[in-house]
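Everything on this sheet refers to the single structure shown next.
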Amino acid sequence: MDIRDAGPSDAEAITAIYNDAVVNTTAIWNDTRIDVQNRLGWLRNIIGTATDRKEG
């Protein structure tokens with residue numbers, strides 16, 4: 001198994017997985033299906049992390 005960051009080429013598959021969860025499970029709090037453009041925007045968001053540095 002390879003683990004990698006998702007990219008724009010993955011948007012269609014991510015959309016399909018999300019929409020399946022909307023329709024067939026309670027895993028997604030939303031009841032509205034999305035389109036590929038929605039996931040492309042979601043993938044463009046920059047996510048940052050903060051770390052504490054130990055001083056000394």
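Observations on the structure shown:
- Net lengthening on full extension, residue 5/residue 25 (0.36 nm per residue, minus Cα-Cα): 4.7 nm
- Table column - 3J(HN,Hα) (Hz), the stretch 24-40, Karplus curve with 6.51, -1.76, 1.60, x for Gly and Pro: 10, 9, 10, 6, 9, 6, 8, 10, 10, 6, 10, 10, 4, 4, 4, 6, 5
FYI, it's all coordinate maths here, none of it is from the lab. Here the structure is a predicted model, which is why all the values come from computation and not from measurement.
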